[in-house]
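> Have a look at this one.
Every read-out reported here was derived from the displayed coordinates using simple, explicitly stated rules and does not represent laboratory data. These numbers come from a predicted model, not from an experiment. Using ideal geometry, Cβ is built from the backbone for each residue, glycine included, and neighbour counts are taken over all protein chains shown.
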Amino acid sequence: MPTLFPCKPFIVAIAVCYVCFSPLPSMAMSLQDAIRASLKNSNVILAARQSWIASRESIGSNTSTSDLTARLTSTGTLAQTDGRDGKGFNDSNSLGTGIMLSKNLYDGGQATENVRLAQINLQMASARYAQSEQTVILTTIEAYLEVSKAQREVKLHDKNLNRLKAHVDATKIRVDAGAATPTRLAEAKARFARAKSDAILTQTRFNNAQDNFRSLTGTSGYVSVQPAMVYNLPKDMLSAETFAQSAHPDILFAIAAEHAANQAFNTLQAAVRPTVAFSLSANTRMATGTLHDKDEFAAQLVFSAPLLSTNATTSKARNVAANYEAAKLNRTEAKRKVRVAAREKFRDWETTAARLEAVSSEIEAFRLVAEGIASEAQFGQRTMLDLLDAEKDVNDAELSLVNAEHEQILAAFRLMAAIGNLTAEQMGVGDVLGPLLDLPETKNPFQTTFPFRRILASD
């Protein structure tokens with residue numbers, strides 16, 4: 001992957017685990033596989049893409065305001081009037097058809113300004129899509145890593161249960177032989193029961209993690225061996241802040257929103273400028289009692305200019321000004337939040353790295369203590385309870401190591417998200433759904449040819 005800023009490599013090693021989600025044959029899923037599946041399965045992503053299409057289409061709708069338009073009309077009347085001569089009613093029926101061609105010669109720049117606004121809105125839609133993509137990717141990573149961690153914890157708890165069960169069985173034999181008291185057996189059973197309770201809770205968390213992962217990906221695959229991955233992380237906090245300010249989708253959206261609010265001034269000014277329109281019409285009308293049609297032709301050149309500023313215009317101006325001030329404040333706030341988040345996540349990553357080192361040293365110390373106590377117990381210098389306590393310390397340290405490794409890996413991905421670099425491209429999954437620019441034209445959602453009438457279908 002390309003280096004986008006000064007960085008230091010971070011090797012992410014995801015533990016080996018095979019987690020079967022279904023008794024049916026299923027496919028092993030790497031982290032990249034899981035991300036691809038989630039992006040395809042996410043309604044959030046699909047909705048964001050449709051919003052992008054809608055924004056793109058609005059550009060075309062605004063460019064067409066000055067196009068030549070044609071309207072076909074057909075009218076018919078049936079009327080009777082009292083002649084007041086005692087001879088009954090008089091019929092006055094008519095039938096007419098016509099066509100009108102019209103074109104805006106000058107609209108005050110409304111079309112141009114509206115197109116510019118639509119283009120800015122498209123930038124906002126692109127930022128929204130980037131936001132959605134990053135959220136889905138991070139959620140998938142969290143779910144994937146949670147399954148991996150839970151699986152490792154289940155194995156450690158099973159190992160601990162087997163060890164304590166063997167101790168219970170051995171103690172029972174000693175009690176039967178009169179070499180140990182029933183109290184010792186009760187203590188051993190109590191430790192086993194406590195460990196079993198912890199194992200049940202861990203298994204439940206594992207099952208929940210499975211369900212969550214399966215729901216996100218829409219598959220029945222299982223987590224596979226994930227080879228080490230190298231990502232470029234910022235070398236220091238300043239690099240993290242700098243990159244985040246230029247790449248985070250929240251900031252890009254806020255900047256586009258500010259530009260849109262500013263562009264609204266131009267669209268409002270264009271709306272109050274003079275306009276010039278040209279129209280050409282032809283009508284044919286046939287009335288009762290006539291032998292020939294009546295043809296009418298007309299050409300119009302219409303100049304329109306506002307003379308008075310209405311309260312509505314003044315109110316719109318104040319609305320635009322207020323929205324612009326709000327957009328500037330939102331941009332400032334977005335930059336502040338992103339800067340704080342980047343610093344926080346960088347600090348979290350450094351903390352998890354230091355904690356992992358400390359836990360790794362701790363577990364080695366506990367293992368040495370357990371080995372020493374086991375040797376001393378053989379010569380009667382330590383009791384079996386001392387050995388059980390030492391082994392419990394080792395088991396607890398191993399669980400802490402699993403959690404520390406999990407937190408460091410997760411902190412790395414959260415740091416990538418905080419600086420706006422957790423993209424499909426950076427994760428090496430490519431354009432799963434295809435690039436936005438290649439999206440097809442939108443389908444007509446209406447069941448009738450009349451655009452103002454929408455048929456709503458119930459779910």
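> Please compute the length gained on full extension between Glu350 and Asp169, using 0.36 nm multiplied by the number of residues separating them and subtracting their Cα-Cα distance.
On the way: separation 181, 0.36 × 181 = 65.16 nm, distance 4.55 nm.
Fully extending the segment from Glu350 to Asp169 adds 60.6 nm.
> So, one more: Just how large is the dipole of the range 343-425 about the Cα centre, in debye to the nearest 20, putting +1 at every Lys and Arg Cβ and -1 at every Asp and Glu Cβ? Walk me through the numbers before you get to the answer.
Details: 8 positive and 17 negative charges, 70 e Å.
My answer is approximately 340 debye.
> Can you tell me the FRET efficiency between Lys196 and Ile99 if r is taken as the Cβ-Cβ distance and R0 is 51 Å, rounded to the nearest 0.05? Kindly include the intermediate steps, with their values, before the conclusion.
Details: r = 87 Å, r/R0 = 1.70.
Computed FRET efficiency for Lys196 and Ile99: 0.05.
> By a straight-distance test (C-alpha under 14 Å), which aspartates and glutamates pair with Lys328 as possible cross-link partners, with residues fewer than eight away in the same chain excluded?
Hits, sequence-local ones excluded: Asp250, Glu258.
> Over the range 141-202, what relative contact order in percent results from Cα pairs under 8 Å that are six or more residues apart? Display every interim value, and only then the final one.
Values: 31 pairs, mean separation 27.1, N = 62.
With pairs under 8 Å counted, the relative contact order is 44 percent.
> In the range 345-366, which residues have a backbone nitrogen under 19 Å from the label point lying 7 Å from Gln381's Cα in the Cα-to-Cβ direction?
Label zone hits: 365-366.
> Over 5 Å intervals from 0, what percent of Cα-Cα pairs in the range 121-189 sits in each interval?
Pair shares across the bins are 3, 15, 11, 9, 8, 7, 8, 6, 6, 5, 5, 4, 4, 3, 2, 1, 0.
> Quick one: order Met416, Met100 by neighbouring beta-carbon count within 10 Å, fewest to most. Kindly include the intermediate steps, with their values, before the conclusion.
Working: Met416 26, Met100 16.
The most exposed by this proxy come first: Met100, Met416.
> When only C-alpha pairs under 8 Å and at least 6 residues apart count, what is the relative contact order of the range 110-229, in percent?
Numbers: 55 pairs, mean separation 41.4, N = 120.
Computed over the range 110-229, the figure is 34 percent.
> Do any chymotrypsin sites (Phe, Trp or Tyr not before Pro) in the range 303-393 lie in a loop, going by DSSP, with at most 16 other beta-carbon atoms within 10 Å of their beta carbon, and if so which?
Numbers: sites: Phe303, Tyr324, Phe346, Trp349, Phe366, Phe379; in loops: Phe379.
Passing sites in the range 303-393 are Phe379.
> Given labels modelled 7 Å from the Cα in the Cβ direction, how far is it in nm from Phe265 to Ala70?
Roughly 4.3 nm, to one decimal.
> Karplus couplings for the range 384-398 from phi (6.51 cos²θ - 1.76 cosθ + 1.60, θ = phi - 60°), rounded to Hz, Gly and Pro as x?
After applying 6.51 cos²θ - 1.76 cosθ + 1.60, I find 5, 5, 4, 5, 5, 4, 5, 5, 5, 4, 5, 4, 5, 5, 5 Hz.
> Could you list the square roots of 5 times each eigenvalue of the Cα gyration tensor of the range 379-419, that is, the equivalent ellipsoid semi-axes, sorted largest first and rounded to whole Å? Mind dumping the intermediate values first?
Numbers: eigenvalues 306, 6, 4 Å².
With the √(5λ) rule applied to the range 379-419, the semi-axes are 39, 5, 4 Å.
> Could you name the lysines in cross-link range of Lys335, using Cα to Cα under 23 Å and dropping any fewer than eight places away on the same chain?
Cα-Cα hits under 23 Å: Lys235, Lys345.
> To continue, here is another question. Given 0.36 nm per residue, what is the gain on full extension from Asn207 to Glu371 after removing their alpha carbon distance, in nm?
Working: separation 164, 0.36 × 164 = 59.04 nm, distance 3.43 nm.
Gain on stretching Asn207 to Glu371: 55.6 nm.
> May I pose another question? Between Lys337 and Val432, what is the spin-label point distance in nm, taking each point 7 Å from the Cα along the Cα→C-beta axis?
2.4 nm
> For Val44, put the label point 7 Å out on the Cα→Cβ axis and report which residues of the range 335-358 keep their amide N under 18 Å from it.
338
> A follow-up question, please. Placing +1 on the Cβ of each Lys and Arg and -1 on the Cβ of each Asp and Glu in the range 281-380, which of Ser304, Val340, Thr351 has its Cα farthest towards the positive end of the resulting dipole?
Ser304
> Peptides 263-271, 294-302: what's the order by average Cβ count within 10 Å, highest mean first? Don't skip to the answer; put the middle values down first.
On the way: 263-271: 17.7, 294-302: 10.7.
Sorting 263-271, 294-302 by mean packing, highest first, produces 263-271, 294-302.
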